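Here's the structure we're looking at; comments come further down.
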Amino acid sequence: MKIFDSNSKIIITCSNRIAPYLQKEVEALGFKPDRVFKTGVELTGTLQHCIQLNLNLRCASQVLFSVTQFRAANADELYKTLVAFEWENIIDADGYFSITSNVDNETINNSLFANVKVKDAIVDYFRNKTGSRPNSGSELDKAVIHLYWKEDWAEIFVDTSGETLSKHGYRKIPGKAPMLEALAAATLLATKWDRKSPFINPMCGSATLAIEAALLATNRMPGLYRSNYAFMHLAGYQTAMYQTERNKLDAAIINVPGLQIIASDISSDAINISKINAGAAGVFGLITFEEGDFETTTIPEDKPGVIYFNPEYGDRLGEEAELQATYKRMGDFMKQKCKGYTGYIFTGNLELGKKIGLKPLRRIEFYTSKIDCRLFEYELYAGTRKPPPPPEGGTLE
């Protein structure tokens with residue numbers, strides 16, 4: 001089997017609760033998913049498709065390409081099968097590889113042990129066949145082999161991504177408690193923002209949301225900010241395979257006349273960090289940065305859009321009481337100063353969310369790390385809300 005000539009199962013992983021937005025991205029690229037599950041999307045394709053997916057997906061973590069599957073009740077059976085697999089079709093004999101895994105087998109109490117058995121099988125295969133072996137280690141910057149092993153069923157994937165795709169590569173300085181780029185992108189895809197009207201991001205921190213908004217509006221893909229992927233270190237890889245997809249990214253960038261993205265923060269350090277990150281992403285000129293309390297943020301009135309807060313959650317003792325007033329001020333500010341806009345507040349503290357004082361139109365579920373989060377959506381009416389007209393020939397009760 002020559003890996004670049006093969007059609008196989010592709011698993012695209014993502015964080016929990018992001019799969020619906022990943023699915024939309026995959027379908028927008030022209031793929032038809034075979035299955036969507038809690039933490040990913042499955043489809044069928046080639047390694048060339050994997051290259052395209054790696055460069056274009058905002059919400060993904062890894063793109064895995066299946067190469068073999070088999071029964072293995074224990075580590076010895078796992079090794080016996082893999083030491084006979086034709087690894088030269090996957091890894092160069094003088095290359096470097098890493099092992100990752102997802103293991104749920106009653107005979108294994110430490111997944112690192114399973115990783116070692118896979119590594120030993122690959123090394124012994126090459127030694128038996130060539131008398132030498134590729135190097136291996138924990139770095140994910142070369143070829144990466146992934147073991148999925150549940151009960152007595154094992155599957156070996158090539159992880160075509162290597163380092164996670166959830167970090168988009170432009171954020172040079174993370175700032176305080178930053179939102180992961182893939183999560184930020186997914187929450188933006190969950191909003192009603194049309195990518196043309198104003199996007200206002202008070203309390204911006206390191207400006208991940210504002211930057212992702214600028215990238216989304218101008219169709220700048222994550223592949224613009226990364227030059228190394230694990231697929232580049234597989235046997236049979238040719239640079240033209242990547243360059244074909246990479247060239248498409250530059251051609252896909254669009255200009256949005258009159259686009260207004262405003263990011264504000266009370267911290268001068270946060271604004272400085274935000275400017276550096278926006279510059280690295282190539283969108284510095286698309287974002288207006290303002291220093292000051294969120295209530296001083298400029299709110300364009302001619303064409304209402306979206307206002308999006310990502311406030312602190314109050315992790316430390318004593319912080320929650322102090323933040324109650326802040327959350328109430330956010331609600332008051334949106335109600336009084338952002339009429340006509342659609343408001344969003346992302347929080348991992350659902351009790352604090354009750355202090356906002358507005359009734360959310362939607363409560364969209366997300367996770368950040370292991371924190372149960374909500375993206376609250378508010379319709380901020382410009383005037384008195386008018387009831388819908390009665391149906392013809394009848395009345396509303």
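Quick notes on this structure:
- Residues within the stretch 175-194 that are more than 11 Å from Ala207 (Cα to Cα), touching a Leu at 6+ places or on another chain (Cβ under 9 Å) and not aromatic (Phe, Trp, Tyr), tallied: 8
- Residue under evaluation Gly331, criteria (1) among the small types (Gly, Ala, Ser); (2) within 29 Å of the chain's Cα centre (by Cα); (3) more than 30 Å from Tyr225 (Cα to Cα); (4) loosely packed, with under 14 Cβ neighbours inside 10 Å, criterion not met: (4)
- Selection count where residues are out of contact with any Gly (no Cβ under 7 Å at 6 or more places or on another chain) and farther than 21 Å from Lys196 by Cβ, scope the stretch 259-289: 11
- The sole residue among Lys167, Lys129 that is touching a helix residue (DSSP H, G or I) at 6+ places or on another chain (Cβ under 8 Å), charged (D, E, K, R) and not assigned by TED's automatic domain parsing to the domain that holds Thr13 is Lys167.
- Cβ pairs under 8 Å, 6+ apart, first in the stretch 29-56 and without any contact (Cβ under 8 Å) to a residue 60 or more places away in the chain and of a type in the set (Gly, Ala, Ser), second crowded, with 20+ Cβ neighbours inside 10 Å and in a helix (DSSP H, G or I): Gly40/Ala19; Gly40/Leu22
- You will find that of Arg195, Arg246, the residue that is closer than 30 Å to Ala93 by Cβ, outside the structural domain of Leu22 (by TED's automatic domain parsing) and either out of contact with any Ser or Thr (no Cβ under 7 Å at 6 or more places or on another chain) or part of a loop (DSSP other than H, G, I, E, B) (or both) is Arg246 and no other.
- Any pair with Cβ under 6 angstrom, 6 or more apart, that starts in the stretch 108-123 at a residue that is at pLDDT 95 or above and ends at one that is in a helix (DSSP H, G or I) and not aliphatic (A, V, I, L, M): Lys117/Tyr79; Ala121/Tyr79; Ile122/Trp87
- Ala154 satisfies every condition listed in (1) in contact with a strand residue (DSSP E or B) (Cβ under 7 Å, 6 or more places away or on another chain); (2) modelled with pLDDT under 95 except (2).
- Pairs where the first residue, in the stretch 1-18, is touching a residue at least 24 places away in the same chain (Cβ under 8 Å) and the second is of a type in the set (Lys, Arg) and surrounded by fewer than 17 Cβ atoms within 10 Å (Cβ to Cβ), C-beta under 7 Å, 6+ apart: Asn16/Lys38
The values are calculated or read from the model by the stated rules, or taken from the named source; none is laboratory data. Because the structure is a prediction, the values reported are computed rather than measured. Note that each Cβ is placed from the backbone with ideal geometry, even for glycine, and that neighbours are counted across all protein chains shown.
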